[in-house]
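This report concerns only the one structure given below.
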């Protein structure tokens, strides 16, 4: 098992990137944050953008374990889509791994298409070497 929550610290993105072309959306239960989505476009050094200026990347979407299967992600995902459309972008790209079956099912349910599989994407990362990168696309 892998705790994906330990990998990203949203508050530090601005230290690494120019977040001018980023959007952050959150879901709350009263004052308690229960989910969030981060979507990115036109940013140098974001590998998944591949230098393209006509796409966005859904960089991160997560829901607190206590709120999963309650439609939170289903409400957050369209926010990323609408933001991307409002910027005139043509496609949204999403990275996932083969061991995250729940996310794969979610992306498929949202209408995305599995467009690329890379068995060696994480080869240099010893802890993740056995994972397979899956790239999902959504035409906007």
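The values are calculated or read from the model by the stated rules, or taken from the named source; none is laboratory data. Just so we're clear, the structure is a prediction, and the values are computed from it rather than from any experiment. Cβ: placed from backbone, ideal geometry, glycine included. Neighbour counts: every protein chain shown.
Hey, can you tell me all the residues within the stretch 116-137 that are assigned to a strand (DSSP E or B), more than 15 Å from the chain's Cα centre (by Cα) and surrounded by 12 or more Cβ atoms within 10 Å (Cβ to Cβ)?
Across the stretch 116-137, the qualifying residues are 116, 118.
Just to verify a result, which residue in the stretch 57-77, among those that are touching a residue at least 12 places away in the same chain (Cβ under 8 Å) and assigned to a helix (DSSP H, G or I), is surrounded by the most Cβ atoms within 10 Å (Cβ to Cβ)?
77
Answer yes or no as to whether residue 52 is surrounded by 15 or more Cβ atoms within 10 Å (Cβ to Cβ) and in a strand (DSSP E or B). Reasoning before the result, please.
On the way: surrounded by 15 or more Cβ atoms within 10 Å (Cβ to Cβ): yes; in a strand (DSSP E or B): no.
Taking the combined requirement at face value, the residue does not satisfy it.
Yes or no: residue 140 surrounded by fewer than 18 Cβ atoms within 10 Å (Cβ to Cβ), in contact (Cβ under 8 Å) with a residue 12 or more places away in the chain and in contact with a helix residue (DSSP H, G or I) (Cβ under 6 Å, 6 or more places away or on another chain)?
Answer is yes for this residue.
For the stretch 1-15, give me each residue that is modelled with pLDDT of 55 or more and over 22 Å from residue 84 (Cα atoms). Walk me through how you get there before you give the answer.
Going residue by residue through the stretch 1-15, those that are modelled with pLDDT of 55 or more are 8-15.
Those that are modelled with pLDDT of 55 or more and over 22 Å from residue 84 (Cα atoms): 9, 12, 15.
Can you tell me how many residues in the stretch 79-112 are under 16 Å from residue 49 (Cβ atoms) and either out of contact with any strand residue (DSSP E or B) (no Cβ under 6 Å at 6 or more places or on another chain) or not in a helix (DSSP H, G or I) (or both)?
9
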